[in-house]
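Encoded as structure tokens, the structure appears first; notes follow it.
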Amino acid sequence: MPSKNNFGKIVRYIVLIIMSLYTLSPLALLILNSFKSQVEIDSSPTNFPTTWNFKYLISAMKQINFLQSFFITLIITIISVTIITLISSMAAWAMVRCKTKLSFVLFLMFVSAMLIPFQSVMFPLIHLADILNLKNIPGLIIMYSGFGLSLSVFLYHGFIKSIPKSIEEAAIIDGANIFQLFWHILFPLLKPITITVIILNSMWIWNDYLLPFLVLGNSSTKTLTLELYFAKMQSSQFGSPWELIFPAVLVSIIPIIVIFLLLQKHFVKGISAGAIKE
Amino acid sequence: MNIYYKKWFFPLIGLAFILFLTVILIPFVVGVFYSFTAWKGTFFFKNNALTYNPFSAIVGFDNYIAAINNEKFCNAFLYTIKFTVIAVIVINIVALVFALILTKINQGAGIFRTVFFMPNLLGGLALGFIWKFIFEIIFSKVFFGPDGLIAIDALTNMTQGNFKPLLALVILVVWQMAGYMMLIYITGLNNIPTDLYEAAKIDGASNFQQFKHITLPMLAPAFTIVFFLTLASCFKLLDQNIALTNGAFDTRLLALQILRTPSDTSPPNYGQAQAQAVIFFVLIAIVTLTQVILTKRKEVEM
């Protein structure tokens, strides 16, 4: 029955296209209104801007110190994710290859920490950071590295279990030291799960609001999300100045959208692979 | 060879362990302890006396009793449960339906997957601001207001009142998370061997029977993951809550309630906030563990 099949196919595509438009419409709205004055946003929120005026984008970039906050966020994300990737893969490797009671207990400890919500540790953690003089960017990096461990150790642990030991044993017999063994033999084999670990951790660290809010607060060095939050809070005292908020949101999400579109295959694969391993 | 790995066990695991200890374990244990003290942030305050020694400011279960009698905390507790139940159900239905549609088409599936996944990339705060505009201006004036396309009162001013913001949050998180969960369901659907369906067809099973007796049971591992992820992230939702209503009209979810408890009183009552945080942890641990055990059991029965 080809006609019935075709009908079903058309319905499916129509549903998918409508839902895609629905999914994209808030982003379209964001782009359109980033080029309008407050008056124009109020009078015609869904129309194309009468002129594509970049002045709102530029003033929003000034308001949120775009260059500074962008690089702060970038540095925090890159360093934290690098630390998480390296130490969680090493730790997971040690726990898989060394089958002692202690190693099992440590693994359970790492994994069960996934159940601890951030809210249960945040006040004592900030108190501790205050004492250690770590309410700053290095402190933030240390905290992200700690919070990223649980999930990453879990993902690496599951993956390394499926890698045969014999490759490493051959390398040891050939005289490789522990660093060569890890960096040249094991780490390249972990590439698929490393991509997952990098993507999952980058996404939440880049977008995170609460931890920078508690650690940095309204200081002179803020992350992108934090700048956005304070821009909104300060401007809300004068109504809702959407002519500032829209362009500020737009410039703050452009970097991640660009990275996603460049690496989308890795994203989709990495996310699904990570999920199934869980 | 085991000896070789044993020798290197501590050097390899050391850094991870130290980080874990300082960032999670110690604050967690200290937090549980402080929930039994009259902690005010930088000092402790018991019997009208200021002290810096937590051991002389132990108040037993007072903070927990105060938390349970705290109207704001109880509201937030119920609000979170209501929100989570509705959001988890809707996200799962939407994600599964679109996963089923997407696995049935041949061309363009990749583009649709990318589009549906995109909202998940962005931070809750940025998205919350966009949706606040949509609810307050687009919905209330352009679409559903008295002068709009169709007047639907229920869909106007969704950031005001108590129940409407709950629905607004559901709309927002479904829009944001359904695409991610859809990817997991698609992976699950692709892992079902096609010969099962072929065998069922030969036996004369209808489409619905195939769905009920093959697709649903074979998706059990995907259900486990998706339920875990959606439950956990809905329970802990914060950024979207701040962006949409910032807790006005008793619309605080638990995460926001705990964050704002110290600033509700003067001096800040960190002891009670910490007690709420411990209750929050117990709630999340019980719910997610029960869920994983229940859905895993379904997987095993397969």
Legend entry - Qualifying residue in segment A:66-76 (condition: over 27 Å from B:Pro11 (Cα atoms) and within 12 Å of another protein chain (Cβ to nearest Cβ)): yes
Legend entry - Any chance B:Phe133 is in contact with a Phe, Trp or Tyr (Cβ under 9 Å, 6 or more places away or on another chain), closer than 11 Å to B:Met182 by Cβ and assigned to a helix (DSSP H, G or I): no
Legend entry - Inter-residue pairs, beta-carbon under 8 Å, first at the interface with chain A (Cβ under 8 Å from one of its Cβ atoms) and in segment B:100-128, second outside any helix (DSSP H, G or I) and at pLDDT 90 or above, 6+ apart: B:Gly123/A:Asp208; B:Gly123/A:Tyr209; B:Gly124/A:Tyr209; B:Gly124/B:Leu237; B:Gly124/B:Leu238; B:Leu125/A:Tyr209
Inset, instruction - Name the residue, out of B:Ile65, B:Ile26, B:Ile3, that is surrounded by fewer than 17 Cβ atoms within 10 Å (Cβ to Cβ), more than 11 Å from every other protein chain (Cβ to nearest Cβ) and assigned to a helix (DSSP H, G or I). - result: B:Ile65
Legend entry - Leading residue by the ranking (surrounded by the fewest Cβ atoms within 10 Å (Cβ to Cβ)) among those in segment B:217-258 that are on the phi > 0 side of the Ramachandran plot and assigned to a helix (DSSP H, G or I): B:Phe249
Inset, instruction - For B:Thr261, work out the one condition from (1) buried (at least 18 other Cβ atoms within 10 Å of the Cβ); (2) hydroxyl-bearing (Ser, Thr, Tyr); (3) more than 30 Å from B:Asp62 (Cβ to Cβ) it doesn't fulfil. - result: (3)
Inset, instruction - Could you list all residues from segment B:254-302 that are among the hydroxyl-bearing types (Ser, Thr, Tyr) and in contact with a Lys or Arg (Cβ under 9 Å, 6 or more places away or on another chain)? - result: B:Thr261, B:Tyr270
Legend entry - When residues of segment A:10-65 are limited to those that are touching an Asp or Glu at 6+ places or on another chain (Cβ under 8 Å) and hydrophobic (A, V, I, L, M, F, W, C), the one modelled with the highest pLDDT: A:Ile64
Inset, instruction - Filter segment A:1-44 down to residues that are of a type in the set (Val, Ile, Thr) and closer than 16 Å to B:Lys132 by Cα and give me whichever is nearest to the other protein chains (Cβ to nearest Cβ). - result: A:Thr23
Legend entry - Options B:Asn69, B:Asn120; residue that is among the polar types (S, T, N, Q) and farther than 29 Å from A:Ser252 by Cα: B:Asn69
Inset, instruction - Of the numbered conditions (1) within 14 Å of chain A (Cβ to nearest Cβ); (2) crowded, with 22+ Cβ neighbours inside 10 Å; (3) over 30 Å from A:Thr100 (Cβ atoms), B:Ala57 fails exactly one; give the number of that condition. - result: (1)
Inset, instruction - Just one of (1) of a type outside the set (Lys, Arg); (2) on the phi < 0 side of the Ramachandran plot; (3) free of Cβ contacts under 8 Å to residues at least 24 places away in the same chain trips up A:Gly139, so point out which. - result: (3)
Inset, instruction - Looking for whichever is at the interface with another protein chain (Cβ under 10 Å from one of its Cβ atoms), assigned to a loop (DSSP other than H, G, I, E, B) and either on the phi < 0 side of the Ramachandran plot or surrounded by fewer than 23 Cβ atoms within 10 Å (Cβ to Cβ) (or both) here; the options are A:Leu134, A:Leu125. Which one fits? - result: A:Leu134
Legend entry - Selected residue (only one of A:Ile72, A:Ile84 is under 25 Å from A:Met203 (Cα atoms) and touching a Gly at 6+ places or on another chain (Cβ under 6 Å)): A:Ile84
Legend entry - Answer residue from segment B:29-54, given it is at the interface with chain A (Cβ under 9 Å from one of its Cβ atoms) and not in a helix (DSSP H, G or I) and is surrounded by the fewest Cβ atoms within 10 Å (Cβ to Cβ) among those: B:Thr42
Legend entry - Unmet requirement for A:Leu106, which otherwise passes all of (1) within 29 Å of the chain's Cα centre (by Cα); (2) closer than 30 Å to A:Ser219 by Cα: (2)
Inset, instruction - Out of B:Thr159, B:Thr194, report the one residue that is touching a residue at least 24 places away in the same chain (Cβ under 8 Å), more than 8 Å from chain A (Cβ to nearest Cβ) and not hydrophobic (A, V, I, L, M, F, W, C). - result: B:Thr159
Legend entry - Filter result for the condition that a residue is more than 30 Å from B:Tyr270 (Cβ to Cβ) and hydroxyl-bearing (Ser, Thr, Tyr), over A:Thr50, A:Thr73: A:Thr50
Legend entry - Unique residue being at pLDDT 95 or above and among the polar types (S, T, N, Q) when the list is B:Thr22, B:Thr84: B:Thr84
Legend entry - Given (1) farther than 30 Å from B:Phe280 by Cβ; (2) at pLDDT below 90, index of the condition B:Ala220 fails: (1)
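The values are calculated or read from the model by the stated rules, or taken from the named source; none is laboratory data. The structure presented is a predicted model; accordingly, all values stated were derived computationally and were not measured. Glycine also receives a Cβ, built like all others from the backbone with ideal geometry; neighbour counts cover every protein chain displayed.
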